[in-house]
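To keep things clear, I will list the structure first and then write my remarks on it.
The values are calculated or read from the model by the stated rules, or taken from the named source; none is laboratory data. What you see is a predicted model, and the numbers here were worked out from it, not measured in a lab. Cβ sites come from the backbone with ideal geometry, for glycine too, and all protein chains shown count toward neighbours.
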Amino acid sequence: MSTLTAAVQNEWLKLKAKRRSKVFLIIVIALTILLVVLHYATRSSFGFFIVQPNQLAKTVLNLMLQLVIPLLAFIISVDSLASEKNQGTLKVLLTQPASRLKLYFSKLISLSVANAIMVLAVFLIATIGGLFSASNGFLLETFQALVICLLVLVPLGLISAWGLLMGQLFTNGTMAIGLGLLGLFLIGIGQLFIDRLYFLSPLTYLDFYNPLIRGNLTVNFFITLLLMISYCIMLVSAGLLKITSTEN
């Protein structure tokens with residue numbers, strides 16, 4: 001356990017030191033602030049809010065989770081391994097006392113922390129922005145937004161696992177990112193012809209929590225939850241298989 005903790009700390013320090021990570025966090029913060037400003041700008045220009053004031057945090061969070069945060073989470077996760085393969089530092093890591101299993105999970109955990117920081121940054125900024133127009137029901141809506149922050153970390157972890165796998169398959173990070181996004185795009189196109197392909201895209205599960213938030217649990221919710229967990233296990237297993245088979 002102490003070896004895993006040390007490995008996680010090491011991976012987190014490397015992730016935090018990367019310029020790309022800092023730039024991505026700034027992008028998330030800037031876009032969130034922009035959405036909050038636009039919320040109030042519509043009131044000044046048109047005399048009404050496009051979004052219900054109490055639902056500002058949930059709305060902004062959902063908008064950022066549609067594309068921005070998943071895309072940034074994927075790029076960061078790909079770069080986590082692809083850059084080390086390119087620089088030759090991965091070979092050094094594979095000779096360290098920590099097992100390859102611990103190395104993989106230390107990267108996945110540190111990436112999950114990065115995902116959580118981006119999501120919480122959106123939540124905090126949007127919640128503070130919503131205080132200026134809060135009314136009855138604000139606390140309930142804010143609590144639901146916080147629950148979304150926690151639940152969405154699961155599908156974001158799935159996207160990170162997808163990125164780690166792509167980062168292992170290709171030395172060139174740009175190629176890994178491009179082909180990974182191309183794969184998601186082709187799956188999306190395939191869904192137009194074969195409905196069952198939806199479960200192959202990590203993006204499918206980003207809003208799996210909606211029935212839970214609405215209190216409308218159906219069989220489909222539990223099927224989606226089971227598929228998401230199964231997909232996560234599959235990607236993590238593939239990632240572990242790849243990293244354990246990598247030569248020093």
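Taking every residue in the range 9-29 that is farther than 18 Å from L108 by Cβ and pairing it with any residue that is basic (K, R), at least 6 positions away or on another chain, the pairs with Cβ-Cβ distances below 9 Å are K22/K16.
From the list V28, V37, V68, which residue is in contact with a Gly (Cβ under 9 Å, 6 or more places away or on another chain) and at pLDDT 80 or above? Just a single option satisfies the conditions, and that option is V37. Restricting F193, F105, F185 to residues that are in a helix (DSSP H, G or I) and modelled with pLDDT under 85 narrows the list to F185. The single condition among (1) at pLDDT 80 or above; (2) over 25 Å from S106 (Cα atoms); (3) touching a Phe, Trp or Tyr at 6+ places or on another chain (Cβ under 6 Å) that C149 does not meet is (2). Within the range 212-248, being among the hydroxyl-bearing types (S, T, Y) and in contact (Cβ under 8 Å) with a residue 40 or more places away in the chain holds for Y231, T244, T246.
Would a scan of the range 229-244 turn up a residue that is outside any helix (DSSP H, G or I), modelled with pLDDT of 75 or more, within 20 Å of the chain's Cα centre (by Cα) and not small (G, A, S)? Checked against the condition, which is being outside any helix (DSSP H, G or I), modelled with pLDDT of 75 or more, within 20 Å of the chain's Cα centre (by Cα) and not small (G, A, S), the range 229-244 yields no hits at all.
Selection of the range 152-182 for residues being modelled with pLDDT under 80, surrounded by 15 or more Cβ atoms within 10 Å (Cβ to Cβ) and more than 19 Å from L241 (Cα to Cα) yields only G173. In the range 165-177, the residues that are closer than 9 Å to D79 by Cα never reach a residue that is of a type in the set (A, V, I, L, M) and not in a helix (DSSP H, G or I) with C-beta atoms less than 6 angstrom apart, at least six apart or across chains.
Consider the range 213-228 and keep the residues that are surrounded by 14 or more Cβ atoms within 10 Å (Cβ to Cβ) and at pLDDT 75 or above. The one that is nearest to the chain's Cα centre (by Cα) is M228.
For the range 110-148, the set of residues classified as polar (S, T, N, Q), over 25 Å from F24 (Cα atoms) and surrounded by 15 or more Cβ atoms within 10 Å (Cβ to Cβ) consists of S133, Q144, listed by residue number.
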